[in-house]
Amino acid sequence: QDALDLNSVFALPNLKYLFLTHLHEDHTVGLPSFISNPYKFYAGGDKKIFGPEGVDEMIRHINAAWSIDRHEMAQGSIVRDPDGSTAVGIPVWPSTSTDGKRIFEDDNVLVQAFPTNHGFLEHTYAYRFTAKSDGRVFAFGGDGTYSEGLVAAAKDADILFIEGVTRKNIKFATWGGDTEEEKVQVIGAYHMFPDRLKRVYDESGVNNIVMVHVQNYNSPENFDRLSVLKEMIDEGIKNILLAQDGDLY
């Protein structure tokens with residue numbers, strides 16, 4: 001890791017593929033920038049964006065909606081071939097199961113998709129990435145609660161990247177209902193309480209967990225940035241971290 005050159009790893013020409021767990025707006029609002037900005041910096045090649053049913057339609061609409069920007073770049077500020085200025089959406093559905101569906105493979109990595117549960121969306125996914133160089137496995141769960149598909153995606157993985165939400169302080173949430181019981185029911189249909197992540201941890205045998213997209217509903221007077229992490233540890237989950245920008249795992 002000390003020798004890892006992040007500038008090279010995340011160089012714009014290397015950002016060719018994207019895997020979406022679900023199509024909620026807070027997880028897709030950055031797509032126009034992901035598609036167009038590399039083109040502005042002379043990184044060619046259209047992007048391929050994998051995701052749930054509807055991702056192809058979403059990307060077609062984005063390509064159309066930002067056509068003025070794209071044409072201005074190609075004809076004005078950049079004046080070059082439009083290759084690399086758009087993207088293609090590739091639906092993962094149908095035929096996904098807890099056995100996993102191979103959706104991408106090259107010389108470096110194998111990517112499999114597994115069905116998950118997130119609210120009332122019909123199609124949401126976790127992804128399992130297996131590095132061909134050394135066999136390391138990391139799983140990305142995105143948003144969601146416990147599911148057999150998530151357990152399968154994280155089976156014996158080196159790292160699971162997954163969300164987490166407080167249970168102890170759920171009463172302070174600003175959505176989900178008027179009472180604590182209503183909030184537990186509604187928010188629990190979308191997000192991962194500590195006891196449910198413990199179940200994923202136990203059943204999958206994953207070696208390490210890194211929490212992302214954490215929902216921490218502390219009271220303003222007693223805010224603790226690490227409180228959700230502490231809840232997870234108190235639940236009995238070992239080898240769990242809270243992600244921060246710039247971390248290497």
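Please treat every number below as a calculation from the coordinates, not as lab data. Source: prediction; values computed, not measured. Neighbour counts run over all protein chains shown; Cβ positions are idealised from the backbone, glycine included.
The residue list His71, His27, Thr116 was ranked by how far each Cα lies along the charge dipole of segment 1-123 toward its positive end, using unit charges on Cβ atoms, and His71 comes out on top. If you take the square roots of the eigenvalues of the alpha-carbon gyration tensor of segment 77-170 and sort them as a ≥ b ≥ c, do you get rounded (a/c under 1.5), prolate (a/b over b/c) or oblate? Prolate, since a/c reaches 1.5 and a/b exceeds b/c. Normalised by the number of residues in segment 1-91, the average gap of Cα pairs under 8 Å and 6 or more apart makes the relative contact order 36 percent. The residues packed around Pro194, meaning those with a beta-carbon under 9 Å from its beta-carbon, carry a net charge of 0 if Lys and Arg are +1 and Asp and Glu are -1. Estimated from the Cβ-Cβ distance and a Förster radius of 25 angstrom, the FRET efficiency linking Asn208 and Ala11 is about 0.40.
Using only side-chain charges placed at the Cβ, +1 for Lys and Arg and -1 for Asp and Glu, the dipole size of the chain relative to its Cα centre rounds to 260 debye.
Total lysine pairs in the chain at Cα distances under 12 Å, for residues eight or more apart or on different chains: 7. Neighbour counting of Cβ atoms within 10 Å sorts the residues Val228, Val184, fewest neighbours leading, into Val184, Val228. Only the Cβ atoms of Lys and Arg (+1) and of Asp and Glu (-1) were treated as charged; on that basis the dipole of segment 1-91 about its Cα centre amounts to roughly 220 debye. Look at the dipole of the chain built from charges on Cβ: of Ser95, Ala243, Ser8, the Cα furthest out on the positive end belongs to Ser8.
Between segment 52-87 and segment 153-220, what's the alpha-carbon centroid distance in Å? Result: 36 Å between the Cα centres. The ellipsoid that matches the Cα gyration tensor of segment 1-91 has semi-axes, each √(5λ) in whole angstrom, of 21, 21, 10, with the longest given first. Note on the chain: Kirkwood hydrodynamic radius from all Cα pairs is 19.6 Å, rounded to one decimal. Taking other residues whose beta carbon is less than 15 angstrom from the beta carbon of Lys40, and scoring Lys, Arg as +1 and Asp, Glu as -1, yields -2.
Taking the average, over residues, of other Cβ atoms within 10 Å as the packing measure, peptides 172-183, 108-119, 136-147 rank 136-147, 108-119, 172-183 from highest down.
Spherically averaged projected area of the convex hull of Cα atoms, segment 46-128: 7.1 nm².
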